[in-house]
1. Projecting each Cα onto the charge dipole of chain A (Lys/Arg +1, Asp/Glu -1 at the beta carbon, about the Cα centre), which of A:M1, A:V47, A:V30 comes out farthest on the positive side?
2. Expressed in nm², what is the orientationally averaged projection area of the convex hull enclosing the Cα positions of the stretch B:2-138?
3. Residues with beta-carbon under 12 Å from that of B:L110, excluding B:L110: net charge, scoring Lys, Arg +1 and Asp, Glu -1?
4. Using a 10 angstrom Cβ neighbour count of at most 14 plus a DSSP loop assignment to flag exposed trypsin sites (Lys or Arg not before Pro), which longest range of chain A is free of such sites?
5. Students often forget the sequence filter, so: which lysines lie under 20 Å Cα-Cα from B:K136 once same-chain residues fewer than 8 apart are removed?
6. Against the empirical 2.2 N^0.38 Å scaling, what ratio does the C-alpha Rg of chain A come to?
7. On a straight-distance basis, which aspartates and glutamates could pair with A:K38 in a cross-link, Cα separation under 18 angstrom, same-chain partners fewer than 8 positions away excluded?
8. Residue by residue through the stretch A:54-68, which ³J(HN,Hα) values in whole Hz follow from phi under the Karplus form 6.51 cos²θ - 1.76 cosθ + 1.60 (θ = phi - 60°), with glycine and proline marked x?
Amino acid sequence: MLVLTRKVHQSIIVGDDIEIVVLDVRGEQVRLGIKAPKDVVVHRKEVYEQIQEENRRSAGVNPEDLPG
Amino acid sequence: MQLDNTRFGTIEYQDGDVVTLPEGMVGFPQWTRFVLVQTREGSPFRWLQSVEDPSLAFLLADPSAYCPEYAPEVPDAAARALALTEETPCLLLVTAAIPRGRPEDMTLNLAAPVVINLKTRVGAQVILENEAYTMKHRVFEQAPQTASTKAA
């Protein structure tokens, strides 16, 4: 993993067209701004992981358990 | 074409039946080609069966059968990626999770529907920007549990 240290208002550029800016830091919370092309999907990691988990659960359903 | 060893046995399908999800389902990016299987006529459920891995099938449901008020807005980027316009026939399904032997505990993921362009047969699992939708929407009311009504 690449580790970089940034101060507030400093940025990181990923690839050619994604920029991540540290907007502010308040105690334990870091507010980040993400500039990316509209076709690039950006989500909080835990959201992604929760959806992955629900997908996993739906893939494990026994057809005999379907209601109705 | 024939797909053997699925949880439904052998499935026959045509090339034109295949639905492609170029990014796969969230967390399963390597599986991109599927067919939709309806095991019971009139059922709101469709299995998104992988034609690449016969053991992989996601249970999807037509949300209008259980949540008629559910009317998600597909984000612009996703609509553009799927070439969806107002008139494009499309299918919107949500994943359904049923714990083993407990259909009454079924939940639907309303926060990340699978949207399929029926003309191109290309789809994607779209994470909705509206965070008001839950990933574990309980479909059936939880029965009150008392000593006398608890099932044996």
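What follows is calculated from the coordinates using simple rules that are stated; it is not laboratory data. Just so it is clear, the model here is predicted, and its values are computed rather than measured. No Cβ is skipped: glycine too gets one built from the backbone with ideal geometry, and neighbour counts run over all protein chains shown.
1. Of the listed residues, the answer is A:V30.
2. Details: hull surface 34.8 nm².
Reported value for the Cα convex hull: 8.7 nm².
3. Numbers: positive: B:K136, B:R138; negative: A:E54, B:E69, B:E131.
Net charge in that neighbourhood comes out at -1.
4. Details: sites that count: A:R6, A:K7, A:K38, A:R44.
Counting only loop sites that pass the neighbour cut-off, the longest clear stretch is A:8-37.
5. A:K45
6. Values: Rg = 18.6 Å, N = 68, 2.2 N^0.38 = 10.9 Å.
For chain A, the normalised Cα radius of gyration comes out at 1.70.
7. Answer for A:K38, where 18 Å is the Cα cut-off: A:D16, A:D17, A:E19, B:E23, B:E73, B:D76, B:E129, listed by chain and number.
8. 5, 4, 4, 5, 5, 7, x, 5, 7, x, 6, 8, 5, x, x
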